[in-house]
Amino acid sequence: MTSETSRAGDLLVRIGAVVFVVGAVATLATITPLFLGSDPLPTAAYLVSMLMGVGFAIAGAGVLRSIAVQRREAREAVRR
């Protein structure tokens, strides 16, 4: 463990990474039958694979939130 404290946006980045990985695994699962020549998976599997984009967006929102907080702290430090 590090002694750093959790900053604003860190939780969103972590959640986004988990959602992205779930979507990536689902994407691999949906394209595998296409290469093996077997029947494609149901539509629900393709919908779960869209979580890659959702996870990327959540992580991006966390990064933007972290940037906003750091900029606000820098402005406050300059004013002092």
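The values are calculated or read from the model by the stated rules, or taken from the named source; none is laboratory data. These numbers were taken from a predicted model, which means no experiment stands behind them. Counting neighbours? That spans all protein chains shown, and the Cβs are built from the backbone with ideal geometry, glycine included. These area figures cover heavy atoms from the full protein model, side chains too; ligands, DNA and RNA do not enter into them. Shrake-Rupley method; radii C 1.70, N 1.55, O 1.52, S 1.80 Å.
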Among (1) open to solvent by less than 50 Å² (accessible area, probe 1.4 Å); (2) on the phi < 0 side of the Ramachandran plot, which single condition is GLY9 missing? (2)
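Filter region 12-47 for residues that are assigned to a helix (DSSP H, G or I) and crowded, with 17+ Cβ neighbours inside 10 Å and give the result.
If the condition is that a residue be assigned to a helix (DSSP H, G or I) and crowded, with 17+ Cβ neighbours inside 10 Å, then LEU12, VAL13, GLY16, VAL19, PHE20, GLY23, ALA26, THR27, THR30 are the ones that fit.
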LEU64 fails exactly one of the following numbered conditions: (1) open to solvent by 90 Å² or more (accessible area, probe 1.4 Å); (2) at pLDDT 90 or above; (3) over 21 Å from THR5 (Cα atoms); (4) not polar (S, T, N, Q). What is the number of that condition? (3)
